[in-house]
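> I am attaching a structure below and will ask some questions about it afterwards.
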Amino acid sequence: MLRKLSYLVALARERHFGKAAAACNVSQPTLSNAIRRLEEEFQVPIVERGQSFHGLTPEGMRILQFARRLMAEHEGLQQELSILREGLTGQARIGAIPTALPVVAHIMAPFESRFPHATVQVLSRSSREIERGLRDYEIDVGLTYLDNEPIPDVRSVPLYSESYFLLTRRGGPLDEADEVTWAEASELPLCLLTPEMQNRRIVDASFRLAGHAVAPAIETNSLINLYTQVRHGRLSSVIPGPLLTVFSPERELVALPLVDPDVQHMVGLVYPDRTPTTPVAQALTSIVMEEGLPAVLARQMREALARLKSDAAPSDS
């Protein structure tokens, strides 16, 4: 039964019989026959009939939910038994919003040290994709916003408060500024993240609170591209604080705190509010608490801001 249900999960994910069969390392007739046997066992149609895959029936969607839950519980049981034998093994699947990717290494380094037999898959995902991934058992843990568009039916562990900076080139009207208002930033040509990113929705809301709407010249779903657009072009951007701990602005760039309004949002780990908690979620939350990661990340942000002020200070020469 479990194997046949795994074929159904693959079919729903791939939306193509041949691709689903390849993902399961079986022939297409084997997968198709397994789906038909599921229909016979449950006595309901599971797949919409046609020459190609057109989707699942309402009954098929209900069985798919059951299949995902059963497979997740089976995997969790395997991990628990494995921990008793040799420690955590298998793959930990983490979905992280792009703005939080700079802090993932702080979690992964102690995780890899404690659980050398486990592998990790880190996926860059929007907050809505993380919500869907947790619901559909496609990821174990998410790293996302906790207090803006919060995800329902999850437990959370706060990590850090995200603040926002204007990244711009030196030589402009803001050279002597220590900070910049959102209204002032709205007057500049901007490169911002794409609208499906929650960070972009936060940025847009902040500009609206300042009484201004913006139409960016360039949109991108990549933080690296956002940074390089500013570095090599005429554009400015709004960046999250953690990016400054990875890409310290070079001499030709400056990062200024955005104020009026002062905007901050909490980011942390989220995992399904289910009992029992998966071993992966237990392991990651324990690491956050035992390593004191919130304090570590707060200290790194203070150090990054201190470097910014030092770089901006005029030379004695």
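> Give just the number: which of (1) touching a residue at least 24 places away in the same chain (Cβ under 8 Å); (2) closer than 30 Å to Ala67 by Cα; (3) not assigned by TED's automatic domain parsing to the domain that holds Leu253 does Glu131 not satisfy?
Of the numbered conditions (1) touching a residue at least 24 places away in the same chain (Cβ under 8 Å); (2) closer than 30 Å to Ala67 by Cα; (3) not assigned by TED's automatic domain parsing to the domain that holds Leu253, the odd one out for Glu131 is (1).
> May I pose another question? Among the residues of the range 220-238, is there at least one that is in contact with an Asp or Glu (Cβ under 6 Å, 6 or more places away or on another chain), in the same structural domain as Ala183 (by TED's automatic domain parsing) and within 20 Å of Ala177 (Cβ to Cβ)?
no
> Another question about this same structure. Checking the conditions here, which among Glu149, Glu176, Glu187 is in the same structural domain as Ala283 (by TED's automatic domain parsing) and outside any strand (DSSP E or B)? Quick ask: steps written out before the conclusion?
Numbers: Glu176 fails: in the same structural domain as Ala283 (by TED's automatic domain parsing); Glu187 fails: in the same structural domain as Ala283 (by TED's automatic domain parsing).
After applying the criteria, what remains is Glu149.
> Do the conditions hold for Ala298, that is, is it of a type in the set (Gly, Ala, Ser), under 30 Å from Pro195 (Cα atoms) and not assigned by TED's automatic domain parsing to the domain that holds Glu176? Spell out how you get there, then give the answer.
Numbers: of a type in the set (Gly, Ala, Ser): yes; under 30 Å from Pro195 (Cα atoms): yes; not assigned by TED's automatic domain parsing to the domain that holds Glu176: yes.
Yes, satisfied.
> Would you call Tyr137 hydroxyl-bearing (Ser, Thr, Tyr), closer than 25 Å to Phe111 by Cβ and in contact (Cβ under 8 Å) with a residue 40 or more places away in the chain?
Working: hydroxyl-bearing (Ser, Thr, Tyr): yes; closer than 25 Å to Phe111 by Cβ: yes; in contact (Cβ under 8 Å) with a residue 40 or more places away in the chain: yes.
Here the answer is yes, as Tyr137 does meet what is asked.
> If you take the residues of the range 1-27 that are small (Gly, Ala, Ser) and within 15 Å of Met61 (Cα to Cα), which of them is farthest from the chain's Cα centre (by Cα)?
At the first step, the residues of the range 1-27 found to be small (Gly, Ala, Ser) are 6, 10, 12, 18, 20-23, 27.
Now narrow it down to the ones that are within 15 Å of Met61 (Cα to Cα): 6, 10, 12.
On the way: Ser6: 25, Ala10: 22, Ala12: 22 Å.
Taking the candidates together, the pick is Ser6.
> State whether the residues of the range 205-214 include one that is surrounded by fewer than 17 Cβ atoms within 10 Å (Cβ to Cβ), closer than 30 Å to Glu129 by Cβ, of a type in the set (Lys, Arg) and without any contact (Cβ under 8 Å) to a residue 40 or more places away in the chain. Working first, answer last.
The initial filter retains those residues of the range 205-214 that are surrounded by fewer than 17 Cβ atoms within 10 Å (Cβ to Cβ), namely 205, 208-209, 211-213.
Right, trim to closer than 30 Å to Glu129 by Cβ and you get 205, 208-209, 212-213.
Within this subset, residues satisfying the condition of being of a type in the set (Lys, Arg) are 208.
Going one step further and asking which of them are without any contact (Cβ under 8 Å) to a residue 40 or more places away in the chain, we end up with 208.
Yes; the residues of the range 205-214 include at least one that is surrounded by fewer than 17 Cβ atoms within 10 Å (Cβ to Cβ), closer than 30 Å to Glu129 by Cβ, of a type in the set (Lys, Arg) and without any contact (Cβ under 8 Å) to a residue 40 or more places away in the chain.
The values are calculated or read from the model by the stated rules, or taken from the named source; none is laboratory data. A quick note: this is a predicted structure, and the numbers were derived from the prediction, not measured. Quick reminder, even Gly has a Cβ in these numbers, built from the backbone with ideal geometry, and neighbours come from all protein chains shown.
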